1. Among (1) farther than 20 Å from residue 51 by Cα; (2) modelled with pLDDT of 90 or more, there is one condition residue 218 misses while meeting the rest; what is its number?
2. Among the numbered criteria (1) modelled with pLDDT of 90 or more; (2) in contact with a helix residue (DSSP H, G or I) (Cβ under 9 Å, 6 or more places away or on another chain); (3) part of a helix (DSSP H, G or I), which single criterion is violated by residue 68?
3. Please verify whether the range 179-189 includes one or more residues that are in contact (Cβ under 8 Å) with a residue 60 or more places away in the chain, assigned to a helix (DSSP H, G or I), closer than 19 Å to residue 49 by Cα and over 19 Å from the mean Cα position of the chain (by Cα).
4. Taking the range 273-313 on its own, how many of its residues are touching a Gly at 6+ places or on another chain (Cβ under 7 Å) and of a type in the set (Val, Ile, Thr)?
5. For the range 14-38, which residues satisfy the criterion of being buried (at least 20 other Cβ atoms within 10 Å of the Cβ) and touching a Ser or Thr at 6+ places or on another chain (Cβ under 8 Å)?
6. Is it the case that some residue within the range 100-109 is among the aromatic types (Phe, Trp, Tyr), surrounded by fewer than 20 Cβ atoms within 10 Å (Cβ to Cβ) and more than 30 Å from residue 26 (Cα to Cα)?
7. For residues in the range 250-291 being of a type in the set (Val, Ile, Thr) and over 19 Å from residue 58 (Cα atoms), which is surrounded by the most Cβ atoms within 10 Å (Cβ to Cβ)?
8. Regarding residue 247, is this residue surrounded by fewer than 23 Cβ atoms within 10 Å (Cβ to Cβ), touching a Leu at 6+ places or on another chain (Cβ under 6 Å), touching a residue at least 60 places away in the same chain (Cβ under 8 Å) and assigned to a helix (DSSP H, G or I)?
Amino acid sequence: MRRPPETEAAAAGGQPTLRRSIGPVQMALYGLGSMLGAGIYGLIGKAAGQAGNAVWLAFVIALLAALLTALSYASLGSRYPRTAGAAYVTERAYGFPFLSFVVGLALVCSGLTSIATQSRVFAASLADLLGTDSLQIAWLALGFLLVLTGIVFRGIRESMWINVLCTLVEAGGLVLVIVVGLSFWGTVDYLETPVTTGEDYAPLLIMQAAVLAFFAFIGFEDMYNVAEEVRHPERTLPLGLILAMAAAALLYIAVAVTAVSVVPWHELAEAPGPITAIITRAAPAILPIVFTAITLFAVSNTALINYVTASRLIYGMARQGLLPASLGNVHASRLTPHIAIAALFLILAPLALLGTIAELAAATVLLLLLVFTVVNAALFVLKRRKGELPGQFEVPLFVTAAGDRVPCADRGQGRDR
């Protein structure tokens, strides 16, 4: 079996390196947690407003589109299991350090905006739950960031176990929705779409909803960036990614069918909380506070995953010489990139306190789509280059080429899933 590349720290000799502790199940749950997030709780209403009862079909199409890029990432993870993997393969394929820096920076910025946004959402939800003055939201957000920083610094094992707990709670909430609405299945026409002006635009409406749903499946970048902390990454990364995509697809499609079965799609589109509307109608005995609590877990999980990912991105870029070398240091006892983690907190604290990052978030979403294109093309180049060793998980060239042609998604969506 071909061994994974040594980390730069190990090659330097005697320096602490990241700890390999993530197995296949944890990897799959890490990816699933990244994909689920809190976004699906609101996204289902928006997508239903565009596709009507055929919203489930939009999720199927979005899955197929996302899978093209996901399979490329699985192949890259099998070939080059490194932190900041997207930046690494970009430089390996094209030989332009500046392009690699831009790719890494785009991913870091995307993570930063997500963490800052999630900290505000968590603080606002907690303040509403506790009846706290809205003026305290900024300080609650700062406290949330401090706790996150402590967890990520503590170690990858601790971060992963908290991720497992939060992911199971998130998935459990969606399973609950499916269970309470199961008796409503089969009561509507699942191909009904919104009425248009005299012409049949059903395929177009479904495609528009699919574009909206595309980002609900993104999580492969987060998985790739913990590659140096995964046991047997050549096998574990592809397996975990595929399992996470499959689980997310089953949950999304089942929730979509349940949603339009319980609540008419036009009402679902107008509901401020689509999932709450479903539960209120299908199981009124379940208190709304249950899903408020689940939302807190979902928001926390999204922020935690993006914090881990962003810190590993900065660490990996420093190891590649794209950022100051000190950001690539690893703590001697905790075996985490502590300088990168501290630097992230110093950037995140003012962002969370100000809460004005909407423009930055919109810009980084567009950059993220460009990153996927660059990375897909990089795999295409590397697969055709003589002397590049194959990984244990390979995809045909047409999959990589098709991944470059996935349509851009709505700029209003992003990593704040």
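1. (2)
2. Every listed condition holds for residue 68 apart from (1).
3. Among the residues of the range 179-189, not one is in contact (Cβ under 8 Å) with a residue 60 or more places away in the chain, assigned to a helix (DSSP H, G or I), closer than 19 Å to residue 49 by Cα and over 19 Å from the mean Cα position of the chain (by Cα), which makes the answer no.
4. So in the range 273-313, the residues touching a Gly at 6+ places or on another chain (Cβ under 7 Å) come out as 274, 278, 282, 291, 294, 298, 301-302, 305-306, 309-310, 313.
Filter once more, so that each one left must be of a type in the set (Val, Ile, Thr): 278, 294, 302, 305, 309.
The number of residues fulfilling the criteria is 5.
5. Of everything in the range 14-38, those that are buried (at least 20 other Cβ atoms within 10 Å of the Cβ) and touching a Ser or Thr at 6+ places or on another chain (Cβ under 8 Å) turn out to be 18, 22, 27, 29, 30, 32, 33, 34, 36, 37, 38.
6. Of the range 100-109, the ones among the aromatic types (Phe, Trp, Tyr) are 101.
Filter again for surrounded by fewer than 20 Cβ atoms within 10 Å (Cβ to Cβ), leaving 101.
With more than 30 Å from residue 26 (Cα to Cα) added as a condition, the list becomes none.
Checked against the condition, which is being among the aromatic types (Phe, Trp, Tyr), surrounded by fewer than 20 Cβ atoms within 10 Å (Cβ to Cβ) and more than 30 Å from residue 26 (Cα to Cα), the range 100-109 yields no hits at all.
7. So in the range 250-291, the residues of a type in the set (Val, Ile, Thr) come out as 253, 255, 257-258, 260, 262-263, 275-276, 278-280, 286, 289-290.
Add one more test, that the residue is over 19 Å from residue 58 (Cα atoms), and what stays is 276, 278-280, 286, 289-290.
Numbers: 276: 17, 278: 27, 279: 23, 280: 15, 286: 15, 289: 9, 290: 13.
Restricting to residues being of a type in the set (Val, Ile, Thr) and over 19 Å from residue 58 (Cα atoms), the top hit is 278.
8. On the way: surrounded by fewer than 23 Cβ atoms within 10 Å (Cβ to Cβ): yes; touching a Leu at 6+ places or on another chain (Cβ under 6 Å): yes; touching a residue at least 60 places away in the same chain (Cβ under 8 Å): yes; assigned to a helix (DSSP H, G or I): yes.
The answer is yes for residue 247.
The values are calculated or read from the model by the stated rules, or taken from the named source; none is laboratory data. Worth saying up front: this structure is predicted, and the values here are computed from it rather than measured. Neighbour counts are summed over all protein chains in view; Cβ atoms, including those assigned to glycine, are modelled from backbone coordinates with ideal geometry.
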